[in-house]
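Before any comments, here is the structure.
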Amino acid sequence: MKDILIKKINRGIWWHVTPRDPEAYRKRGMFLASTYSEAEFYGRPNDEPLRVKIHNPVFGFSESEILIKLFDKEKSKRYSHIVESADKDWYEKRIGLDAKMHDRAKKLGHDAIILMARRGKEALQKGRKPSSIELNLMYPMALVNAPRVGECSNSGTQ
């Protein structure tokens, strides 16, 4: 299943919203969505889709599954409350968790974190690309058609 997923990711196009924080990529990686409309959650997507080349992702069909793969069960339980939180400072907690996940994935040798909907497992078992994927690149250099500095001028949130 992992090999099929990697092939589908590397052959697909990805939509990105340039973050306001210029340090966001270094802190949390580069978030990409499999569709333009999914990327709109973060703001206005860039005009051109991107292509990537990954080799060793950590993936899951829920955020808790990914947290367990990255951290031990005890830590993943502590972090999962952030995912489900409705606190007024939810965004700050969320980007903090994203940073922890990014750092841990890099430490474990992963080049991407891939979150798919539960029904994505069925698509992969049939050799198809899941319809909804959130991709977080640990190394934005994994972009095949990386924009030159200054090319992505849309401002969004991440």
* Structure fact -> Ala39 vs (1) assigned to a helix (DSSP H, G or I); (2) without any contact (Cβ under 8 Å) to a residue 12 or more places away in the chain: all pass except (2)
* Structure fact -> Just one listed residue, out of Lys75, Lys129, Lys121, is basic (Lys, Arg) and either at pLDDT 95 or above or part of a loop (DSSP other than H, G, I, E, B) (or both), and it is Lys129
* Arg26 fails exactly one of the following numbered conditions: (1) part of a helix (DSSP H, G or I); (2) of a type outside the set (S, T, N, Q); (3) within 29 Å of Glu122 (Cβ to Cβ). What is the number of that condition? -> (3)
* Structure fact -> Those residues of region 81-99 which are buried (at least 17 other Cβ atoms within 10 Å of the Cβ) and of a type outside the set (Val, Ile, Thr) amount to Leu97, Asp98
* Structure fact -> From the option list Leu5, Leu67, single residue qualifying as assigned to a helix (DSSP H, G or I), without any contact (Cβ under 8 Å) to a residue 60 or more places away in the chain and not polar (S, T, N, Q) is Leu67
* Asked: Hey, among Thr35, Thr18, which residue is polar (S, T, N, Q), under 20 Å from Ala123 (Cα atoms) and surrounded by 13 or more Cβ atoms within 10 Å (Cβ to Cβ)?
  -> Thr35
* Asked: Is one or more of the residues making up region 116-133 touching a Leu at 6+ places or on another chain (Cβ under 8 Å), surrounded by fewer than 18 Cβ atoms within 10 Å (Cβ to Cβ) and polar (S, T, N, Q)?
  -> no
* Lone qualifier among Asp47, Asp87 - being of a type in the set (D, E, K, R), assigned to a loop (DSSP other than H, G, I, E, B) and at pLDDT below 90 -> Asp87
* Return yes or no: is Phe61 within 14 Å of the chain's Cα centre (by Cα) and among the aromatic types (Phe, Trp, Tyr)? => yes
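The values are calculated or read from the model by the stated rules, or taken from the named source; none is laboratory data. No experiment lies behind these values; they were computed from the predicted model shown. Don't worry about glycine lacking a Cβ; one is built from the backbone with ideal geometry, like all the others, and counts go over all protein chains shown.
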